[in-house]
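Report on the structure given below.
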Amino acid sequence: MILYPVLLTLAAAQQTEVPAPAQAEHVAIQATDIDRSAAFYHEAFGLRIIPTPLKNRRWLDLGNGMALHILDGRVTPKPSNRNEHLALHVNDLATVTAWLDRHKLVWTDLAGTARTMQNRFDGVRQIYVQDPDGYWLEIGDSRGVRTQ
């Protein structure tokens, strides 16, 4: 009965084998107006629009092989929950906040204090803002300059 221990060894090896790690490809959100949403992400954060043959979709490049897919069809506002958010990292947060201010859009710190940047534990400045459909975004600044 030499076959029985070999089968047990093979079964144990199969159970402990870990697959190669998955890599993120895209995040999809649903919008009431896909062109308005695509323009917001493109203009506010500089995301490159990726051409797609699909008429009811807009795709934007998030970098590192990751994309934001904006799908049509939202008919109700997104429930407001800051804990569910997309985090973006920009080169200069001041440029983003200036764009948001010009468009009269509210940006806050995590606590919800308007027009207030916060400093993360590692020195990166960050803000929170909602997109046109109410999705929360956490925007971090790669400059890591402390605010006064």
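The values are calculated or read from the model by the stated rules, or taken from the named source; none is laboratory data. In this text, all values refer to a predicted model and were calculated from it rather than measured experimentally. Cβ sites come from the backbone with ideal geometry, for glycine too, and all protein chains shown count toward neighbours. The accessibility values were calculated without ligands, DNA or RNA, using every heavy atom of the protein model including side chains. Shrake-Rupley method; radii C 1.70, N 1.55, O 1.52, S 1.80 Å.
If I ask for residues that are at pLDDT 95 or above and surrounded by fewer than 12 Cβ atoms within 10 Å (Cβ to Cβ), which ones from the range 113-136 would you list? Of everything in the range 113-136, those that are at pLDDT 95 or above and surrounded by fewer than 12 Cβ atoms within 10 Å (Cβ to Cβ) turn out to be 113, 114.
Among residues that are of a type outside the set (Phe, Trp, Tyr) and within 30 Å of residue 22 (Cβ to Cβ), residue 91 is included. All of 57, 36 fail the test of being open to solvent by 60 Å² or more (accessible area, probe 1.4 Å), within 26 Å of residue 22 (Cα to Cα), out of contact with any Asp or Glu (no Cβ under 7 Å at 6 or more places or on another chain) and not hydrophobic (A, V, I, L, M, F, W, C), apart from 57.
Entry remark, the range 21-63: residues being part of a strand (DSSP E or B) and among the aromatic types (Phe, Trp, Tyr) number 1 in total.
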